[in-house]
1. Grab the Cα-Cα distance for residue 189 and residue 41, subtract it from 0.36 nm times how many residues apart they are, and report the gain in nm with one decimal.
2. Given Cα pairs under 8 Å that are at least 6 residues apart, what percent is the relative contact order of the chain?
3. Among the trypsin sites (Lys or Arg not before Pro) within segment 27-57, which fall in a DSSP loop and have no more than 11 other Cβ atoms within 10 Å of their own Cβ?
4. Stretched out fully, how many nm does the piece from residue 20 to residue 63 gain, at 0.36 nm a residue minus the Cα gap?
5. What does the helix-only formula give at 222 nm for the chain: each DSSP H stretch with n ≥ 4 adding -39500 (n - 2.57), the total divided by the residues, and the result rounded to the nearest 500 deg cm²/dmol?
6. With a 10 Å radius around each residue's Cβ, average the other Cβ atoms per peptide and rank 134-145, 177-188, 53-64, highest first.
7. Evaluate the charge dipole of segment 75-216 about its Cα centre and quote only its size in Debye, nearest 20, assuming +1 on the Cβ of each Lys and Arg and -1 on the Cβ of each Asp and Glu.
8. Pull up all non-local amide H partners of residue 195: gap of 5 or more, or a different chain, and H-to-H distance under 5 Å with H placed in the peptide plane.
Amino acid sequence: MKNVIFLLFIFYSSVVFSQRFTFDFATHYEYYFNKVKYERVSYSNTDNPNLFLYFYTDEGQRTAKLVDIEHMQNHFFNVKREITKEGEVLLFDYINSEKKVENKFYKKEPIYYDFKTIKTDSLSKTVLLQLYTNQKRKKVHYSLELKVVPADANYFPNFRMATFHGLSERKELNYTENGLVVEAINSTKKKKKPHAKLLYSEKIQFELVVDPTILK
């Protein structure tokens, strides 16, 4: 198990009343969007599938985005990494927050989908995810073949958050069984193409401590 030491960044006066966000699982996916390959490291909370922390590089600066889907909030931080005798320390410097109004687009454009297990062996199973153009589910708009390995919890939200451009925060799009997606193939067209691949996953102990006044 990897131990990541949390931070106390610059808001010392409110430590006693700080808001704490805990994460216990990390995934690192590579994925393709518009023929370009990207990578995303995401931290998740096994008990709360609507809370994520993921890292990316913005104009050379390491940045973190705290995503609270349930409360429709995103919080952004600059991140610096330091190695100490106690372990790895991530120092977060708050940038800004955005409060999302309930997305009307979600209501106007609901998602119609299903999951079908098409292959099973002793190590994994292949699950076909199909998205449809309408509620009758007669015309397939998009298809993914997911290789899912057994896990102690349902880590599909990690996969969705990391690799589904435009659909990452659509919590209604969810697989209901325990498992971890380790590979995804785009099978929408006759010629299959890679969509995503898990580079690593691990259990972690990470706590982000934030002055609650900046999250309002």
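The values are calculated or read from the model by the stated rules, or taken from the named source; none is laboratory data. Quick caveat: nothing in here was measured; it's all calculated off a predicted structure. Heads up, the Cβs are rebuilt from the backbone with ideal geometry, glycines too, and the neighbour counts pull from every protein chain shown. The accessibility values were calculated without ligands, DNA or RNA, using every heavy atom of the protein model including side chains. Shrake-Rupley method; radii C 1.70, N 1.55, O 1.52, S 1.80 Å.
1. Computed gain between residue 189 and residue 41 is 50.4 nm.
2. Rounded, it is 28 percent for the chain.
3. Filter output for segment 27-57: 35.
4. 13.6 nm
5. -1500 deg cm²/dmol
6. 177-188, 53-64, 134-145
7. 1260 debye
8. 184, 185, 186
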